[in-house]
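Since the structure comes first, as structure tokens, the remarks are kept for the end.
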Amino acid sequence: MSKPRVSALVPSFNHSRYIARCLNSIVENGYPKESLEILVGDDHSLDGSQVSIIAMSKKHDNIKYFFNKEKNVGTVKNLNNLLSKANGKYCFMLASDDILLPGSIGTRVDYLERRQDKKFAFGDCIVIDRNGQKTHDSGIMEFHQNITDKEQLNDENILETTIKRWSVPGPVSLYERQAMLEFGGYDEDFCIEDYSTYIKFASKGWLGYIDRKVAAWRVTGKNACMGSNVPRVFADLARTAEKYKSLFVGREREIEMLEWAKQHYAKAAKALGNLA
């Protein structure tokens, strides 16, 4: 039987060193080529990334590329541009310096096909450095250390964990495209796309965790959520919690959790801003 069509969304910016390995990890993941499209959006890279992307597209006809030639628009807008061009039943995002682990597309697709009550699946990842050496065996449990027990990710606890213990790395999710479009795509009000996306799907009970490592997340110190960007990221998390209270009208427990998260992240943003 044919597999559901999947669209890989690959936002790229100044990753000429990594982009070919990233794309190869998608091509070689084991998911049927005829059911997989790979959409690469290069966001005005200045390091020659486009040369590698074009070369890869010549080797693999299911790789399509779109170049922002005039200016850098940022990751979230870049992702929405790619989402608008996607044709898959399911989509996933993989940053151009990250790597998929073998079989990870099919694992997540099979979960969502089996669990008709879910529309968004995520797993764990390993963490690697700029040279590809593993630094942490778990991005969720070891790197962030906010989640200490897998029970916190089961169906009963996943909403509270999402709101109050946010620590899920970027390259681990796969979702139903139509559901994402109904939510309006990625929220361009914020500098990172993750937190608001998880809250939206979790609010419907559509979020599911798979206890498997599905990607290698590259942490170099230049990631968009790190370094001097950290105070802004925490401020955005606070604004996200406030904005998405509207999804929980009449659900006082969830609104209280979001209010707690807003205050928590606002305090962190202030403290980190003072230290910066």
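Stretched out straight at 0.36 nm per residue, the stretch from Ser138 to Leu247 would grow longer than its current Cα-Cα span by 36.2 nm.
On the chain, 48 percent of the accessible area sits on carbon and sulfur atoms, based on a 1.4 Å probe. Where in region 16-58 does the label zone of Ser2 land, with the point 7 angstrom along Cα→C-beta and an amide N cut-off under 14 Å? Those under the cut-off are 32-37. The mean accessible area for residues of region 167-246, using a 1.4 Å probe and ignoring ligands and nucleic acids, is 36 Å² per residue. Helices in the chain that qualify as membrane-span-like (whole DSSP H runs, Cα extent of at least 30 Å along the helix axis, mean Kyte-Doolittle hydropathy of -1.0 or higher) are 252-275.
For Leu36, enumerate residues with amide H under 5 Å from its amide H, sequence gap 5+ or separate chain, H modeled in the peptide plane. Residues meeting the amide H criterion: Val6.
Across Lys89, Lys134, Lys58, mean-square fluctuation computed from a Gaussian network of the chain (C-alpha pairs under 10 Å connected) peaks at Lys58.
Assuming charge only on the beta carbon of Lys and Arg (+1) and of Asp and Glu (-1), the dipole of the chain about its Cα centre is about 460 debye to the nearest 20. Surface exposure of region 68-139, expressed per residue as accessible area with a 1.4 Å probe, stands at 42 Å².
Computed from label points 7 Å out along Cα-Cβ, the spacing between Glu28 and Lys270 is 5.0 nm.
Annotation: peptides 114-127, 163-176, 180-193, 242-255, ranked by per-residue average of other Cβ atoms within 10 Å with the highest first, follow the order 163-176, 114-127, 180-193, 242-255. With a threshold of 29 Å on the Cα-Cα distance, the over-threshold entries among Lys89/Lys270; Lys59/Lys200; Lys58/Lys118; Lys118/Lys213; Lys85/Lys262 are Lys89/Lys270; Lys59/Lys200; Lys58/Lys118; Lys85/Lys262. Can you compute the label reach from Val230? Point 7 Å from Cα along the Cβ direction, backbone N cut-off under 18 Å, restricted to region 242-276. Hits in region 242-276 for Val230 at 18 Å: 264-276.
Binning the alpha carbon pair distances of the chain at 5 angstrom intervals from zero yields the distribution 1, 6, 13, 17, 20, 19, 13, 7, 3, 1, 0, 0, expressed in whole percent. Residues whose amide H lies under 5 Å from that of Cys125, counting only those 5 or more places away or on a different chain, are Gly139, Ile140, Val214; hydrogens are built 1.01 Å from N in the peptide plane.
The values are calculated or read from the model by the stated rules, or taken from the named source; none is laboratory data. Quick caveat, the model's predicted, so the values are computed rather than measured. Heads up, the Cβs are rebuilt from the backbone with ideal geometry, glycines too, and the neighbour counts pull from every protein chain shown. Accessible surface is based on the protein model in full, side chains and every heavy atom, while ligands, DNA and RNA are left aside. Shrake-Rupley method; radii C 1.70, N 1.55, O 1.52, S 1.80 Å.
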